[in-house]
Each structure stands twice: as C-alpha cells, then as structure tokens.
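Data first, discussion second: the structure below is written as structure tokens.
Just so you know, all these numbers are worked out from the coordinates, no wet-lab data involved. Please read these numbers as outputs of a predicted model, since none were measured by experiment. Methodologically, a virtual Cβ is constructed for each residue, glycine included, from the backbone with ideal geometry; neighbour enumeration extends over all protein chains shown.
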Amino acid sequence: MSYAKQMLESYRASAIDANVLAAAIDALSDCAQACTANVDADLGDADVASMIKCLRLCLDCADVCTATTRVASRKTAYEEGFARPLIEVCAAICARCGDECERHAPMHPHCGVCEQACRRCEQACRDLLAEYSRLATARLT
C-alpha cells in the first residue's frame, strides 16, 4: 500500500474515493520524479540543443505535478474550486510532455520511461476529475 493511501485512510475520510485520490497522488509524484530525472538525462546528451523543447516541458511538468501533489494531498477542508483547475492543467501538461517524450523515445530510452509516467499521470488526473464530477452529480440528486 502506498504512503498516500495510508495517509488518506489514517484520518477523517472525505467524499472523494481514497483509491482514486491515492492513485493520482502516486502518479503525480512518480511523474514529477521521472520528468526531473529525464531532464538530467537530456542534459547529458551530446546534442542538448535538440532537446530544449523536451527539457522545458519536463521542467514545467515536474513543477505542475509537484504543486498538484501537494494540493491533492490536502483533503481536509478541500477546495475543489482551486484543485480542479490545477488538475486539469496537470493533465494537459502531462499529455503535452508525454507527446514530446514519445518523439525522442526511439533515440533516448529515458524519454520513453518519462512518456509512460506522463501518460499514467494524465490518466490518473482524468480519473480524479471524473471522481469530482461524480461527487458533483451526487450532490445535485
């Protein structure tokens, strides 16, 4: 069991499904780490100039994932109005970063690993957004 899941289960539960939220937090953390490591690997490339776009997207993705991890981890007095847009942006940057890493993956295996982390994180963010929509619908009925 992940630390995120353990923490979510260790205190008063919110209406958000702990499994969905923990999966998102884990994917966010993994993506931030993969993007950070990918930047390091890209900087070691002989032709760094060809990796500028990948470097920039990975840096942005890591930063957004880190911020989103922190916000998503705070479920007490949760403010969906702030979290939802951040998660939407996170899904978008993960998709864009994953696309860029996919372009480089045939020549750079580390980009392939980063792409996988980005795709997993994008999906986890979309799953969390679907959970918010489910809760909003339940509140209306």
Alpha-carbon Debye profile of region 37-120, log10 I(q)/I(0) at 0.22, 0.23 Å⁻¹: -0.94, -1.00
Along principal axes, Cα extents of region 1-71, largest first, whole Å: 51, 19, 14
For region 30-105 versus region 114-141, the gap between their alpha-carbon centres in whole angstrom: 17
The chain: relative contact order in percent, alpha carbon pairs under 8 Å with at least 6 residues between: 30
Contour excess over end-to-end distance, with Cα ends at Val71 and Gln123 and 0.36 nm allotted per residue: 17.0 nm
Segment Ala49-Glu79, extension gain: residue separation times 0.36 nm, minus the distance between their alpha carbons: 6.7 nm
Length added when fully stretched, Asp99-Arg56, from 0.36 nm per residue minus Cα-Cα: 14.2 nm
Ascending count of other beta-carbon atoms within 10 Å, so fewest first, for Cys94, Cys54, Cys111: Cys54, Cys111, Cys94
Zone of Asp40's modelled label, taken as backbone nitrogen in region 69-108 under 19 Å from a point 7 Å along Cα→Cβ: 108
Burial ordering of Leu8, Leu128, fewest other beta-carbon atoms within 10 Å first: Leu8, Leu128
Three-way shape call for the chain based on the alpha-carbon gyration tensor, with the a/c threshold at 1.5: prolate
